[in-house]
Amino acid sequence: QVQLVESGGGLVQAGGSLRLSCAASGSIFSINRISWYRQAPGKQREWTATITSAGSTIYADSVKGRFTISGDYAKNTVYLQMNSLKHDDTAVYYCNACVRGSDYWGQGTQVTVSS
């Protein structure tokens, strides 16, 4: 079992920055990778970025060059640094952990970008 708690969302103007945090607890040593997803109103949840247990990262084209995913393993926390935010980045952002083929989700944190 893995528990995930997101934080750091809020209201920001277009062009601004936010840093989201995903704090993991439980069987953290079994985590293969942690990802950020987002879901805008009326749209399907979409994958945004992933960091593996080896530290490799990959990004969706829509956020590449603007978002950075990183991990502080001493704090059991994964971050999503979001720069140059656009109105289209407005969504609820969810943290996801993959553990031996099972998915765990946090409760989400709202990010609103005003244009």
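Restricting attention to the range 54-75, report how many residues are open to solvent by 60 Å² or more (accessible area, probe 1.4 Å) and closer than 18 Å to Ser21 by Cβ.
5
Kindly indicate whether any position in the range 16-30 is touching a strand residue (DSSP E or B) at 6+ places or on another chain (Cβ under 6 Å) and of a type in the set (Val, Ile, Thr).
no
Going by the conditions given, is Ser30 hydroxyl-bearing (Ser, Thr, Tyr), over 13 Å from Thr109 (Cα atoms) and without any contact (Cβ under 8 Å) to a residue 12 or more places away in the chain?
So Ser30 does not fit the description; no.
Just to verify a result, which residue in the range 85-100, among those that are in a strand (DSSP E or B) and of a type in the set (Ser, Thr, Tyr), is most open to solvent (accessible area, probe 1.4 Å)?
First, the residues of the range 85-100 that are in a strand (DSSP E or B): 91-99.
Imposing the further condition that a residue be of a type in the set (Ser, Thr, Tyr) reduces the set to 93-94.
Values: Tyr93: 0, Tyr94: 36 Å².
Only one residue tops the list, namely Tyr94.
For a quick check of your reading of the model, give me the residue pairs whose first member lies in the range 80-109 and is within 15 Å of Ala24 (Cβ to Cβ), whose second is of a type in the set (Lys, Arg), with beta-carbon atoms closer than 6 Å and at least 6 apart or on different chains.
Going by the 6 Å Cβ cut-off, the qualifying pairs are Cys98/Arg33.
How do the pairs read when you match residues in the range 9-23 that are within 13 Å of Leu80 (Cβ to Cβ) with residues anywhere that are assigned to a loop (DSSP other than H, G, I, E, B), using Cβ under 6 Å and keeping only pairs 6 or more apart or on different chains?
From the range 9-23, the pairs are Ser17/Asn83; Arg19/Gly8; Leu20/Gly8; Ser21/Gly8.
Of the residues in the range 1-15, how many are in contact with a Gly (Cβ under 9 Å, 6 or more places away or on another chain) and either part of a strand (DSSP E or B) or not small (Gly, Ala, Ser) (or both)?
Number of matching residues: 6.
State the number of residues belonging to the range 41-65 that are assigned to a loop (DSSP other than H, G, I, E, B) and either touching a strand residue (DSSP E or B) at 6+ places or on another chain (Cβ under 7 Å) or farther than 13 Å from Leu80 by Cα (or both).
Qualifying residue count, the range 41-65: 13.
Just give me the residues in the range 1-52 being within 9 Å of the chain's Cα centre (by Cα) and polar (S, T, N, Q), in sequence order.
Once the filter is applied, which keeps residues that are within 9 Å of the chain's Cα centre (by Cα) and polar (S, T, N, Q), the range 1-52 yields Ser21, Ser35, Thr48, Thr50.
Pick out the one residue from Gln13, Gln44, Gln81 that is surrounded by 14 or more Cβ atoms within 10 Å (Cβ to Cβ) and of a type in the set (S, T, N, Q).
The conditions single out Gln81.
The values are calculated or read from the model by the stated rules, or taken from the named source; none is laboratory data. Keep in mind that this is a model prediction, so the values were computed, not measured. Because the Cβ atoms are built from the backbone with ideal geometry, glycine has one as well, and the counts that use them run over all protein chains shown. Just the protein is used for accessible areas: all its heavy atoms, side chains included, with ligands, DNA and RNA removed. Shrake-Rupley method; radii C 1.70, N 1.55, O 1.52, S 1.80 Å.
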